[in-house]
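The values are calculated or read from the model by the stated rules, or taken from the named source; none is laboratory data. Fair warning: this is a prediction, and the values are worked out from it, not measured in the lab. Positions of Cβ are generated from backbone atoms using ideal geometry, with glycine treated the same way; all protein chains shown enter the neighbour counts. Remember, those area values only see protein heavy atoms, side chains included, never the ligands or the DNA or RNA. Shrake-Rupley method; radii C 1.70, N 1.55, O 1.52, S 1.80 Å.
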Amino acid sequence: MKLKILATGSSGNCYLLSTDTETLILDCGISIAEIKKGLDFDIRRVVGCLVSHCHNDHSGSKARIEKMGVNVFAPYELGELDMAHTVYGSFDITAFCLPHDDTNNFGFLIMVKGQKILYLTDFEYCKYKFTKKRINHILVECNYQDELVNMDLPNYEHKIKGHCSLNTCKDFIEVNATDSLRSVLLLHMGDESCNPEECVADVEKVAKNAHVDYARAGLEIELETDECPFL
């Protein structure tokens, strides 16, 4: 199985999770043209798209994707709920509510081909534990380091209440890391509030023997259960 990063960060977020025959889109906050290019224009293999919340950097191309006939799972549109479930092709997906300031937002547990993947972005904290699920891969926001955030920023409160700090990210990974965890990918890192290399080094301390990296456009990752996934 492969993960391809098309975009990550405040300017847009989109990831492609693919088996040999199917692709699931994780968020669609970039232009439909960029998404089609990232898919090598092979729309037929797309079985669905997951959208975490309504902000444009995650949902910008939602309507265009729906017009193409692709199933879109946007649980934030379903009203007040803590969890929701769907199946797209071989992808079994459970959505769970995550606090993102005042915006309805969801993370996803994705089970496919014997692998279990967590995708969490734009959240202050996560109240759920997944230890019993024995997660293989964690894709998780690491938006800022406390010491690098400018408290005079006009969006300071939103950044703190709507995004995941390095410390919160580390706590989440430490709680959910078992000997089944093979990789951790840090997402949506702030341009001026995060040092990617420092964050990776810090997360490595709590990720057991999992391989840790940070997302950037163009990165492709082989998600394996027993071998190093990063190319």
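Out of the stretch 188-223, which residues are closer than 15 Å to LEU3 by Cβ and surrounded by fewer than 16 Cβ atoms within 10 Å (Cβ to Cβ)?
ARG216, GLY218, GLU220, GLU222
Quick one: in the stretch 63-90, which of the residues that are within 22 Å of LEU118 (Cβ to Cβ), assigned to a helix (DSSP H, G or I) and in contact with a Cys (Cβ under 9 Å, 6 or more places away or on another chain) is most open to solvent (accessible area, probe 1.4 Å)?
GLU77
Considering only residues of the stretch 172-187 that are more than 14 Å from HIS211 (Cα to Cα) and either free of Cβ contacts under 8 Å to residues at least 12 places away in the same chain or open to solvent by less than 10 Å² (accessible area, probe 1.4 Å) (or both), which is nearest to the chain's Cα centre (by Cα)?
Per the criteria, the residue is LEU187.
Would you mind finding the one in VAL87, VAL112 that is over 30 Å from ASN209 (Cβ atoms) and over 15 Å from the mean Cα position of the chain (by Cα)?
Exactly one residue qualifies, and that residue is VAL87.
Against the condition open to solvent by 10 Å² or more (accessible area, probe 1.4 Å), in contact with a helix residue (DSSP H, G or I) (Cβ under 7 Å, 6 or more places away or on another chain) and among the acidic types (Asp, Glu), how does ASP101 come out, does it pass?
Taking the combined requirement at face value, the residue satisfies it.
State whether the residues of the stretch 148-155 include one that is modelled with pLDDT under 95, in contact with a Ser or Thr (Cβ under 6 Å, 6 or more places away or on another chain) and closer than 22 Å to HIS53 by Cβ. Write out each step before concluding.
Let us first name the residues in the stretch 148-155 that are modelled with pLDDT under 95, namely 148-155.
Applying the additional criterion that residues be in contact with a Ser or Thr (Cβ under 6 Å, 6 or more places away or on another chain) yields 148-149.
Then keep just the ones that are closer than 22 Å to HIS53 by Cβ; that gives 149.
The answer is yes, given that some residue of the stretch 148-155 is modelled with pLDDT under 95, in contact with a Ser or Thr (Cβ under 6 Å, 6 or more places away or on another chain) and closer than 22 Å to HIS53 by Cβ.
Looking at (1) in contact with a helix residue (DSSP H, G or I) (Cβ under 8 Å, 6 or more places away or on another chain); (2) closer than 30 Å to GLU22 by Cβ; (3) open to solvent by 60 Å² or more (accessible area, probe 1.4 Å); (4) of a type in the set (Asp, Glu), which is the only condition GLU141 fails?
Result: GLU141 passes all but (3).
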